[in-house]
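Encoded as structure tokens, the structure appears first; notes follow it.
What follows draws every value from the coordinates through simple rules; no lab data is involved. What you are looking at is a predicted structure, and each value in this text was computed from that prediction instead of being measured. Backbone-built Cβ (ideal geometry, glycine too); neighbour counts: all protein chains shown.
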Amino acid sequence: MKKKKVSCMPVLYVILIIYALITLYPFLWALSASFKNYAELTGGGLSLIPKNITLENYAKIFTRESAYLRWFFNSVFLATLITGVNVFFNSMAGYALAQIKFRGSKMVFYLILAAMAIPGQVLMIPNFIIVNAFGMMDSYAAILVPGAINTTYIFFMRQYYMNYSKQVEEAAKIDGLSRIGCFFRIALPFAKPALATQATFIFLGSWNGFVNVMLYIKDVKKFTLPLGIQYSQVQYGTLWNNIMAFSMLSFVPILIMYITLNKYFMKGIRMDGEK
Amino acid sequence: MKTKLNKNSLFNHLQGYAFIAPTVIVLGVFTYISVVVAIGMSFHKVNLFKWTFDYVGLNNYMRFFSEDRILKAFTNTIKFVSVVAPIQTIVALVMAAVLNSRIRAQRTFRFVYFLPTLTSSVVLTMIFMFIFSINGPFNTIGLSMSLIEEAKNWLNEPSITLKIIMAMNIWSTVPFYMTIYLAALQDVPQSLYESARVDGANAVKCFTSITVPHMKPITTFVFITGVISTFQMFDQAYIFSNGSGGPQNSTLTVALMVFQYAFSLLNDMGIAAAIAIVLAIAIITTSLIANKLNKSEKLYS
């Protein structure tokens with residue numbers, strides 16, 4: 001039995017390492033290109049390490065009308081706002097569906113599940129008209145209001161609160177705490193790990209989001225980073241070293257978040273609400 | 001006493017409504033009212049500038065058969081779905097099983113594998129566009145290993161572009177599905193593998209006769225999720241072609257075409273809505289069939 005294990009293991013490591021290289025290689029090329037000057041980039045060298053490491057691509061980003069910083073702060077602002085609103089509303093809905101008995105709760109639950117099956121393309125056109133009618137065009141409200149809830153995470157929170165013992169709440173109620181008080185003081189803190197998982201993935205989705213911003217935001221000053229990068233690529237064409245530097249800079253904040261909040265990313269989402 | 005109880009339950013109902021209100025409002029307006037509006041629009045000729053809606057019956061749907069671009073977009077999308085969804089599912093399952101086999105440095109590998117999932121579609125597409133551009137590493141490496149005859153700007157090759165997007169999509173979605181598989185693999189009892197090994201089963205046999213059957217419900221989930229998201233592929237095609245779907249419509253997907261008809265100069269929201277609804281029907285039907293097939297298989301095994 002032990003022999004078999006020994007004979008099999010090296011193959012597994014080879015597979016793992018090859019896959020790791022496939023994953024890393026494009027990133028390494030992008031990183032390397034971001035430190036090359038244009039002559040070396042077009043010269044077609046095979047080396048991943050630039051001959052003359054230059055910071056000019058990065059320097060350019062910060063000087064060019066300082067758009068990068070502006071887009072960066074727009075991204076931070078919008079992603080934080082969307083995450084906050086979502087975590088709050090999704091948890092409230094999940095809690096109500098799991099713990100409060102009210103007429104129509106089953107139907108609301110089925111409507112939430114059914115909504116998951118409707119593709120975005122169907123909603124895109126009417127949403128655009130509604131956003132326009134409400135006068136939200138070219139403002140972050142156009143992204144924030146339709147995106148204030150997320151059916152996947154409502155479902156996730158509902159599953160989480162299904163395992164939640166009400167006994168503590170009953171005790172708290174006797175002490176005179178209202179339902180809303182119970183939710184804020186007991187139910188929300190109870191769900192901290194689920195809130196963190198939810199927040200992590202919603203922030204990531206918002207930070208990386210493209211199509212909604214493209215659809216609703218026309219003012220270049222209000223762009224988020226992904227829009228800014230795409231805009232720059234269309235403007236500056238084949239200056240790939242500049243674009244790669246830009247791309248790397250937009251990836252860094254997420255990378256830092258990934259390293260610090262690693263355990264929430266690793267867990268992924270488990271729909272059975274297990275911790 | 002009785003009135004008190006009723007009062008309590010009424011209060012309960014009200015509390016429930018208060019908690020669910022934001023969800024119901026957003027879902028009602030931006031999903032359910034929107035679906036109805038979209039269906040209605042698909043039977044009209046809509047001009048948003050003039051704000052006119054003319055009833056045209058099934059005309060928008062009929063145009064599917066007369067316009068080559070629509071056919072091309074559906075062919076591209078079906079090609080994309082049928083290549084990407086199965087491959088990403090299989091690779092994710094295999095890699096999860098390998099990662100789960102008591103190897104060392106599991107955390108390090110997982111850390112690296114997850115990187116593409118974190119990256120925005122814009123950054124990913126930029127990186128891949130650079131790699132396949134005239135000065136990109138694909139040309140340099142291909143030439144030095146004499147895999148290709150001459151350096152080309154592969155972004156302008158209609159026969160290659162969709163394949164680049166396929167590769168990029170598989171590469172970037174596998175890690176997410178792998179994470180789902182890994183979580184599920186923790187629930188497979190280790191004793192099964194141990195007794196199989198005692199019986200002399202090798203690693204491949206263990207994989208096919210224990211891992212694959214146990215992962216079946218997860219595989220259905222991953223495959224259906226994959227089908228749903230590949231059918232809707234938009235970002236990468238849009239960024240790759242700057243919204244045109246070119247070169248020669250090779251990156252034109254259904255989702256991109258919906259966007260073009262609705263929001264580009266075409267200004268034809270009626271047909272855009274019709275295409276979107278057909279796409280939705282295609283997605284829901286495929287998911288239901290996949291789900292059914294998987295369940296019926298279970299009956300026989």
## Note on the structure
Taking only the Cα positions of chain B, the convex hull volume per residue in Å³ is 254 Å³
### Query
For residue B:21 and residue B:288, what does the FRET efficiency come to when R0 = 35 Å and r is the distance between their Cβ atoms, rounded to the nearest 0.05?
0.65
### Between the range A:28-102 and the range B:51-91, the alpha-carbon center distance in angstrom
32 Å
### Task
Calculate for chain A the 222 nm mean residue ellipticity that helices alone would give, adding -39,500 (n - 2.57) per DSSP H run of length 4 or more and normalising by residue count, nearest 500 deg cm²/dmol.
-22500 deg cm²/dmol
## Note on the structure
Dimensionless Rg/Rh of the range B:208-252, both radii on Cα and Rh by Kirkwood, sits at 1.31
### Message
Please list 3J(HN,Hα) in residue order for the range B:157-169, calculated via the Karplus relation 6.51 cos²θ - 1.76 cosθ + 1.60 where θ = phi - 60°; whole Hz, with x for glycine and proline.
### Response
9, x, 7, 10, 3, 5, 5, 4, 5, 4, 4, 4, 5
### Message
How much length would be gained if the chain were fully extended between residue A:220 and residue A:20, taking 0.36 nm per residue of separation minus their Cα-Cα distance, in nm to one decimal?
### Response
68.3 nm
## Note on the structure
When the charge dipole of the protein assembly as shown is computed with +1 at the Cβ of Lys and Arg and -1 at the Cβ of Asp and Glu, the Cα pointing farthest to the positive end, of B:86, A:41, B:222, is that of B:222
### Task
Considering only A:82, A:53, A:22, give the residue with the highest GNM mean-square fluctuation for chain A, with springs between Cα atoms whenever their separation is below 10 Å.
A:22
### Query
Measuring from centroid to centroid over Cα atoms, what is the spacing of the range A:123-153 and the range B:172-251 in Å?
32 Å
### Query
Hey, got the average number of other protein chain Cβ atoms within 10 angstrom for residues in A:30-43?
2
### Query
GNM, chain B, Cα, under 10 Å: largest mean-square fluctuation among B:31, B:77, B:251?
B:31
### Message
When a/c reaches 1.5 or more, the comparison of a/b and b/c decides; with that in mind, is the range A:14-90 rounded, prolate or oblate per its Cα gyration tensor?
### Response
oblate
### Query
Using the scaling law 2.2 N^0.38 Å as the reference, what is the normalised Cα Rg of the range A:63-167?
1.35
### Query
Magnitude of the Cβ-charge dipole of chain A, K/R +1 and D/E -1, about the Cα centre, nearest 20 debye?
920 debye
### Query
How large is the dipole of the protein assembly as shown about the Cα centre if only Lys and Arg carry +1 and Asp and Glu carry -1, each at its Cβ, rounded to the nearest 20 debye?
1800 debye
## Note on the structure
Within the set A:164, A:95, A:25, GNM on chain A using Cα springs under 10 Å gives the largest fluctuation to A:25
### Task
Filter the cross-link list B:72/B:163; A:36/B:152; A:218/B:50; A:60/A:222; A:36/B:163 down to pairs whose alpha-carbon distance in this structure exceeds 18 Å.
A:36/B:152; A:218/B:50; A:60/A:222; A:36/B:163
### Query
Is the shape of the range B:10-114 best called rounded, prolate or oblate, per the rule: a/c under 1.5 gives rounded, else a/b larger than b/c gives prolate, else oblate, with a ≥ b ≥ c the square roots of the Cα gyration tensor eigenvalues?
oblate
### Sequence-separation-based contact order of chain A, relative, with Cα cut under 8 Å and 6+ spacing, percent
31 percent
### Query
If r is the Cβ-Cβ distance from residue A:12 to residue A:53 and R0 is 35 Å, what FRET efficiency results, to the nearest 0.05?
0.45
### Selected from A:207, A:257, A:18, residue furthest toward positive end of dipole (chain A; charges at beta carbon)
A:18
### Message
Take the residue pairs A:263/B:216; B:216/B:295; A:166/A:192 and return only those whose Cα atoms are more than 19 Å apart.
### Response
A:263/B:216
### Message
Compute the distance from the alpha-carbon center of the range B:252-277 to that of the range A:158-195, in whole Å.
### Response
46 Å
### Query
Counting partner chain Cβ atoms within 10 Å of every residue's Cβ in A:238-248, what's the average?
4
### Task
State whether the range A:63-267 is rounded, prolate or oblate according to the following rule on the C-alpha gyration tensor (a ≥ b ≥ c being the square roots of its eigenvalues): a/c under 1.5 gives rounded; otherwise a/b larger than b/c gives prolate, and the remaining case gives oblate.
prolate
### Task
Rank A:182, A:133, B:108 by how far each Cα sits towards the positive end of the charge dipole of the protein assembly as shown (+1 on Lys, Arg Cβ; -1 on Asp, Glu Cβ) and give me just the farthest.
A:182
### Task
For the protein assembly as shown, evaluate the Debye formula with one uniform point scatterer on each Cα (no solvent term) and list log10 I(q)/I(0) at q = 0.09 Å⁻¹, rounded to two decimals.
-0.79
### Task
Could you order peptides A:166-173, A:56-63 by the average number of other Cβ atoms within 10 Å of their residues, highest first?
A:56-63, A:166-173
